[in-house]
Amino acid sequence: MFIEVDGVEKVFDVRRKTGFLKRERRQVRAVDSISFTVARGEMVGYIGPNGAGKSTTIKMLTGILTPSGGRLRVAGIDPSRERTRLAHRIGVVFGQRTTLWWDLPLIDSYRLMHRMYRIPDDRYRENLDRCVELLELGGLLEVPVRQLSLGQRMRGDIAAALLHDPEVLYLDEPTIGLDVISKAKVREFLRELNGERGTTVLLTTHDLQDIEQLCSRVMVIDHGRMVYDGALAGLHEAGGSERILVVDLERELPPIEVGSAARVVKVEGPRQWLAFPAGESAAGLVARVAAEYPLVDLSVREPDIEAVIARMYAEKATA
Amino acid sequence: MGSGRLYAAVAAGGFRRYATYRAATAAGVFTNTVFGIILVYTYLALWDERPHLGGYDQTQAVTYAWLGQALYSTLAIQGGGAEKDLMARIRTGEIAVDLYRPADLQLWWLASDLGRAVFQMLGRGVIPFTFGALFFSMALPQDITTWVAFLVAVALAMIVSFGIRYLAALMMFWLMDDRGVTQTMMILGIFCSGMTLPLNAFPDPFGDIVQSLPWAAQLQMPANVLMGEVSPWHAYAFQAGWAVVLLAAGRLLQSAATRRVVVQGG
Ligand SMILES: Nc1ncnc2c1ncn2[C@@H]1O[C@H](COP(=O)(O)OP(=O)(O)OP(=O)(O)O)[C@@H](O)[C@H]1O
Ligand SMILES: [Mg+2]
């Protein structure tokens, strides 16, 4: 496996002033024994509410934070021990930070990457040209970074992370604050990168559309614990989500009774809304309603992923 | 070596970065010139009362004053060089970006600070110094070798200056507020570098003490080399000694800091 995370923990010691010269020591368990593996070429979404431990995980995977416990390997390397060696093989984008040189033109940062990663000249030129084309950076290379818009800067940062052909790209909220068009460009680029080049991608985001459009696998972390790891579709079952069957009857009737197969959540004249588990087929339910009630029309509404995740977060918080 | 080119590029970036702030440079030139005039008249008055104070005559005192203004921002005597950026990066967590790169933190910041220093010497130092030389009588060497020896001493001073400020900046990994460190460094810098008064003008034993501290490597040594008050090799040995000690201490502190590093912020 390309990335191996086995029972990894990160505990922060937080000291807080509670009075004059008095300090309280508290431990924050930011990541609490999580395990997962990522194969080469996978594109995995990593989501969770604020403070769940996503950024902490990514920092440990880059080697800039040392885990408090557990075992971690990226390409067979222990990141915190051999940070510099690993650095040549990974690319990192922290959406809220920048690797670019603030006061200097964008191209200067790229020239620096060229030297820093010792990228062969032809590779550098090829990669730069490709990024410039796909991320539409052409007119921006001579512009000082501080004059770039957020979306332009983010695209500039993504290019900077890829010039040295990293095998894996960690993205921590790469679409934060971007408009619809910029988001679409970034997603399109990432899909290309993963599809054509086979770059492994680990993507953290609060925008579920990023995940829906890019990742077949998603990991959900909450309070430092992994609460889901699997296909995006499976989230519905794991989250206990429901689909809605909307039926139009011939006339106004009392709520439909079909036992435990479904429950009526709303009645409006001849139209009724029935909720049933998302993992179950609608066919049986439809047949039963059609046999027992004067059915005119029907439709099925798929659950909304946002609602599923929101419910998942909320459940964990109250549990 | 490949990494030599990297750090050369970093230094060039540091140079160009400061070169973009034209208004700040112009304001700096103006301030250093005005301060130079004030300081020169203060020194002239003082040396009238106490001729040969610290072994300098009046023209040497005037030369020293202008040199202080010329090297003031070059050596970031009251702070405000690369260490200021580094402190901010540690405080905000931006340092994370520097840490996952395959580059050495200390060399990176040294290169960047040297680039800055060279720019400030040319951009902010040369004009006040030339102004001083034109309008006041100064004790300047006639031979090119002394000038070259002086420039070498300035280069070493840049490294010592960085060494001090790098240590201060790394404190930010443990402290969350930079004000204490910044202010202490500022006062020590101005006073112990001899910005207010040449260090040899201080009475002993205090004078002896400050002249053996690393700050003495910054302004005092290049000034003495320029005016032929010390043999260049003696000055270099003193400066290089401190440079090695400070950079080694910086390395130690850096590895302690990055081992226990807690990178701030999401
Ligand atoms: N340097 C630190 N010192 C102390 N506690 C920290 C530190 N960094 C993170 N934490 C704590 O660890 C937990 C996880 O933080 P982390 O930044 O990993 O969350 P996240 O999932 O990235 O959240 P977000 O979506 O808000 O970015 C939080 O409770 C946070 O307060
Ligand atoms: Mg985060």
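No value in this document is a laboratory result; all are computed from the given coordinates. Just so you know, these numbers come straight off a predicted model, no measurement behind them. Neighbour counts are summed over all protein chains in view; Cβ atoms, including those assigned to glycine, are modelled from backbone coordinates with ideal geometry.
Can you give the angle from 0 to 90° between the axis of helix B:58-72 and the longest principal axis of chain B, with both taken from C-alpha atoms, to the nearest 10?
For B:58-72 against chain B, the angle is about 20 degrees.
Suppose each label sits 7 Å from its Cα in the direction of the beta carbon; what would the B:TRP174-B:VAL126 distance come out to in nanometres?
Reported label-point gap for B:TRP174 and B:VAL126 is 4.2 nm.
If you take all C-alpha pairs in chain B, what percent of them are over 23 Å apart?
Of the Cα pairs, 53 percent sit more than 23 Å apart.
Using each residue's phi in the range A:264-270, evaluate 6.51 cos²θ - 1.76 cosθ + 1.60 at θ = phi - 60° and report the 3J(HN,Hα) Karplus result to the nearest Hz, with x for Gly and Pro.
Rounded to whole hertz, the list is 7, 9, 6, 10, 9, x, x.
Could you tell me how many degrees, from 0 to 90 and to the nearest 10, lie between the Cα long axis of helix A:283-292 and the main elongation axis, the longest principal axis, of the Cα atoms of chain A?
The two axes meet at around 20 degrees.
Project the alpha carbons of the protein assembly as shown onto their principal axes and report the range along each, largest first, in whole Å.
Largest first, the protein assembly as shown extends 116, 57, 47 Å along its Cα principal axes.
Take the range B:123-266, compute every pairwise Cα distance, and split them into 10 Å bins from 0; I just need the percent in each bin.
Once binned at 10 Å, the Cα pair distances of the range B:123-266 give 11, 33, 33, 16, 6, 1.
At a Förster radius of 51 Å, what calculated FRET efficiency corresponds to the Cβ-Cβ distance of B:LYS84 and A:ARG263, to the nearest 0.05? Present the calculation step by step, with values, prior to reporting the outcome.
Values: r = 64 Å, r/R0 = 1.25.
About 0.20, to the nearest 0.05.
Which far-off residues, 5 or more places away or on another chain, put their amide H under 5 Å from the one on A:HIS164, with H placed in the peptide plane?
none
Beta carbons within 10 angstrom, averaged per residue: use that to sort the peptides B:29-40, A:264-275, highest first. Can you show the working numbers first?
Values: B:29-40: 17.7, A:264-275: 15.3.
Those peptides, ordered most packed to least, come out B:29-40, A:264-275.
Which three numbers, in whole Å and largest first, are the semi-axes of the equivalent ellipsoid of the range A:242-302 derived from its Cα gyration tensor as √(5λ)?
Each semi-axis is √(5λ); the values are 17, 12, 10 Å.
Counting each DSSP H run of 4 or more residues in chain A as -39500 (n - 2.57), what helix-only mean residue ellipticity at 222 nm follows after dividing by all residues, to the nearest 500 deg cm²/dmol?
For chain A, the value works out to -9000 deg cm²/dmol.
Cα centroids of the range B:216-234 and the range B:83-159: how far apart, whole angstrom?
Using only Cα atoms to place each centre, the spacing works out to 17 Å.
Using 7 Å Cα-to-Cβ label points, what is the B:ILE187/A:ASN50 separation (nm, one decimal)?
With each label placed 7 Å out from Cα toward Cβ, I get 4.0 nm.
Could you check the spin-label model distance between A:ARG197 and B:ARG50? Points 7 Å from the Cα along Cα→Cβ, value in nm.
6.6
Please list, in chain and number order, the residues 5+ apart from A:ARG263 or on another chain whose amide H is under 5 Å from its amide H, with Hs placed from the backbone.
Here A:ALA275 satisfy the definition.
Could you state the number of Å between the C-alpha centres of the range A:1-75 and the range A:245-279?
46
Taking H placed 1.01 Å from N in the peptide plane, check which residues at least 5 places from A:ARG40 or on another chain put their amide H under 5 Å from its amide H.
Excluding prolines and chain starts, which carry no amide H, the hits are A:PHE2.
Rounded, prolate or oblate: pick one for the range A:3-236, where a ≥ b ≥ c are the square roots of the eigenvalues of its C-alpha gyration tensor, a/c under 1.5 means rounded, and failing that, prolate if a/b is larger than b/c, else oblate.
prolate
Would you calculate a helix-derived [θ] at 222 nm for chain B, using -39,500 (n - 2.57) for each DSSP H run of n ≥ 4 and dividing by the full residue count, to the nearest 500?
Rounded to the nearest 500, it is -23000 deg cm²/dmol.
Which lysines have a Cα less than 22 Å from the Cα of A:LYS10, not counting those fewer than 8 places away in the same chain?
Hits, sequence-local ones excluded: A:LYS54, A:LYS59, A:LYS316.
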